[in-house]
Amino acid sequence: MGDIVSDIIVLKSRQIELCQTNWEHQKDKKPKGGKGGNPAGDCKGQGQQKTADGSKSPRGKTEDNPTDVTNQTDPSKGQKPKGPQKTPNNGSQTDPNKPQKSKAELKAERRALQEQQRALKDQKKETGTSGSSKDTSSASVAKIEPKRVPDHLMADDVQAQKKMAKKLEKQKIPQRTKVQRQVRLFEHLHQYEREVSLTQSLSFRNSTIHPAIVRLGVQYAEGVICGSNARCLAMLVAFKQVIADYATPAHKELSRDLEAKIKPYISFLNQCRLMSVSMGNAIKYLKYNISYGTRDLSEIEVSKTFEGIKIILPLKPSCLEDKKIVDNDVIVVYACSSLVLRVLRTAHEHGIQFRVIVIDGRPRMEGKEMLRRLVRAGIKCSYMLINAVSYAMQEATKVFLGAHALLANGCVMSRVGSSQLALVAKSFNVSVLVCCQTYKFCERGQTDSFVLNELGDPDDLVNIGNKTAYLSDWRDYNSLTLLNLVYDVTPPEFVSVVITELGLIPCTSVPVVLRMKQVETAET
């Protein structure tokens with residue numbers, strides 16, 4: 001018995017030693033299952049264990065890929081699994097009693113869902129661009145709104161005037177001071193007065209403006225040079241002198257530097273008096289030739305090139321060929337127009353016998369100069385003021401008018417009083433013919449004389465010749481303001497035909513002529 005007991009003790013001690021070694025070995029490997037710290041418990045796990053198929057595994061042998069015992073439960077004993085469990089997808093289970101949808105119906109549902117999602121995205125984009133507050137929405141509207149009026153025609157806008165002042169200060173050009181008394185309806189327009197001298201603060205020693213441009217600006221401001229054709233020709237002559245005195249700086253291109261040098265001159269002339277439509281078109285033509293026609297030319301060649309520029313084209317004798325002027329005609333003209341004078345002289349040279357009634361009006365009284373030139377040419381004339389125009393229309397056969405500009409909507413912009421003359425002629429069924437070159441055609445449309453016009457010196461209305469000037473002290477009365485409009489607008493219904501260098505055309509053909517000019521410019 002003693003031998004058997006001793007053998008059992010030896011076997012037990014060996015088993016304990018084997019369990020300790022296995023436990024230390026498993027602790028170093030850190031297996032997924034089992035909790036270390038109890039060698040006796042681990043020793044028990046080394047015995048015979050039941051596998052999933054019910055067979056017994058020998059003790060002391062471990063599996064190469066141990067599994068997580070926390071997720072292995074016996075459902076017969078009612079134990080709940082430990083750890084994360086995936087829930088079954090009940091959406092995939094369909095009701096057998098519910099009828100299944102066809103492919104077309106499923107496709108239609110998917111398409112409706114896509115359209116709904118797309119509409120939500122568009123709505124979010126719209127709300128995002130419009131902004132969350134009213135200020136941001138108003139700011140965006142202000143940015144999108146087109147700019148209809150240029151800055152120099154927004155005299156009542158503080159921001160526009162500040163911008164213009166900075167531009168003139170950068171170009172070293174004096175700015176015209178704002179007048180104190182002005183009609184409230186025309187506060188958006190600049191009013192030019194002779195009492196305000198623009199060249200008083202201009203130094204000839206440090207000035208960057210050419211003397212020919214300064215002389216021309218003073219003549220514009222004083223009214224020495226007036227009329228669209230005369231102002232445009234005088235401007236071209238002045239720019240010809242500027243180009244003749246120009247020298248290209250070193251390391252600079254002639255076309256770019258010359259165009260940059262002309263810009264301050266244009267701003268100075270615009271400060272002296274608002275540029276006419278003919279001057280604006282002539283400047284565009286001048287800049288186009290500088291940019292595209294002088295790249296490889298010297299200063300002398302450029303000066304010779306601009307000597308050949310002819311803006312004023314002679315009118316074709318189409319009005320004579322179409323018998324617009326015949327014998328024993330009584331023609332009514334208004335104020336002084338160089339183009340109307342040329343047409344009447346040409347008709348007189350062709351031997352046509354007619355008589356002219358010159359209608360004149362204040363404040364410039366330009367009809368006196370027209371009368372003087374017609375009489376010098378040997379044409380029989382009569383002279384009346386505009387308040388007697390209804391008496392002149394009783395014997396008139398035709399009315400000839402000059403034009404400051406011909407607008408895109410067919411309206412004629414001319415000297416103030418022309419629209420009244422055309423209205424009276426329309427009431428007497430007298431044809432109204434407008435003489436205008438195509439370089440005066442404008443892309444702007446205008447239906448009234450309030451939005452865009454030119455305000456002359458109000459003191460011109462005070463002087464009434466040899467009579468007593470009753471309005472000489474008008475500035476002393478705060479409730480009294482004088483308005484001196486320079487132009488008015490005549491509707492196309494009052495105009496019969498327009499005489500141009502292209503021939504006789506209706507006044508509604510302005511867009512067609514402008515389109516043709518653009519095509520010719522692109523081809524050249």
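The values are calculated or read from the model by the stated rules, or taken from the named source; none is laboratory data. Here the structure is a predicted model, which is why all the values come from computation and not from measurement. Virtual Cβ from ideal backbone geometry, glycine too; neighbours counted across all protein chains shown. Each accessible area value is taken on the protein alone, full model and side chains, heavy atoms only, with ligands, DNA and RNA left out. Shrake-Rupley method; radii C 1.70, N 1.55, O 1.52, S 1.80 Å.
Looking at Asn387 and the list (1) outside any loop (DSSP other than H, G, I, E, B); (2) modelled with pLDDT of 95 or more; (3) more than 23 Å from Asn229 (Cα to Cα), which single condition is not satisfied?
With respect to (1) outside any loop (DSSP other than H, G, I, E, B); (2) modelled with pLDDT of 95 or more; (3) more than 23 Å from Asn229 (Cα to Cα), Asn387 is out only on (2).
Of the residues that make up segment 233-254, is at least one closer than 25 Å to Gln175 by Cα and in contact with a Pro (Cβ under 8 Å, 6 or more places away or on another chain)?
No: zero hits.
Output the strands (runs of 3 or more DSSP E) that fall wholly within segment 433-523 and possess 1 or more residues being surrounded by fewer than 12 Cβ atoms within 10 Å (Cβ to Cβ), or say none. Break it down stepwise before answering.
Working: elements: 487-490, 497-500, 503-505.
Once the strands (runs of 3 or more DSSP E) in segment 433-523 are filtered for at least 1 residues that are surrounded by fewer than 12 Cβ atoms within 10 Å (Cβ to Cβ), nothing remains.
Test each condition in (1) aliphatic (A, V, I, L, M); (2) touching a helix residue (DSSP H, G or I) at 6+ places or on another chain (Cβ under 8 Å); (3) closer than 28 Å to Asp327 by Cα; (4) buried (at least 18 other Cβ atoms within 10 Å of the Cβ) for Leu406 and report the one that comes out false.
Among (1) aliphatic (A, V, I, L, M); (2) touching a helix residue (DSSP H, G or I) at 6+ places or on another chain (Cβ under 8 Å); (3) closer than 28 Å to Asp327 by Cα; (4) buried (at least 18 other Cβ atoms within 10 Å of the Cβ), the lone unmet condition for Leu406 is (3).
Please work out which residue is nearest to Asn478 (Cα to Cα), limiting yourself to segment 163-174 and to residues that are open to solvent by 80 Å² or more (accessible area, probe 1.4 Å) and in contact (Cβ under 8 Å) with a residue 12 or more places away in the chain. First the steps, then the outcome.
Kept after step one, since they are open to solvent by 80 Å² or more (accessible area, probe 1.4 Å), are these residues of segment 163-174: 163, 166-167, 169-170, 172.
Then keep just the ones that are in contact (Cβ under 8 Å) with a residue 12 or more places away in the chain; that gives 163, 167, 172.
Details: Lys163: 30, Lys167: 33, Lys172: 35 Å.
Per the criteria, the residue is Lys163.
Quick one: count up the residues across segment 218-255 that are of a type outside the set (Gly, Ala, Ser), outside any helix (DSSP H, G or I) and either surrounded by 16 or more Cβ atoms within 10 Å (Cβ to Cβ) or out of contact with any His (no Cβ under 9 Å at 6 or more places or on another chain) (or both). Reasoning before the result, please.
Just the residues of segment 218-255 that are of a type outside the set (Gly, Ala, Ser), to begin with: 218-220, 222, 224-226, 229, 231-233, 235-237, 239-243, 245-246, 248-249, 251-254.
Now drop any that are not outside any helix (DSSP H, G or I), which leaves 224-226, 245-246, 248-249, 251-253.
Cutting the leftovers down to either surrounded by 16 or more Cβ atoms within 10 Å (Cβ to Cβ) or out of contact with any His (no Cβ under 9 Å at 6 or more places or on another chain) (or both) gives us 224-226, 246, 248-249, 251-253.
The total comes to 9.
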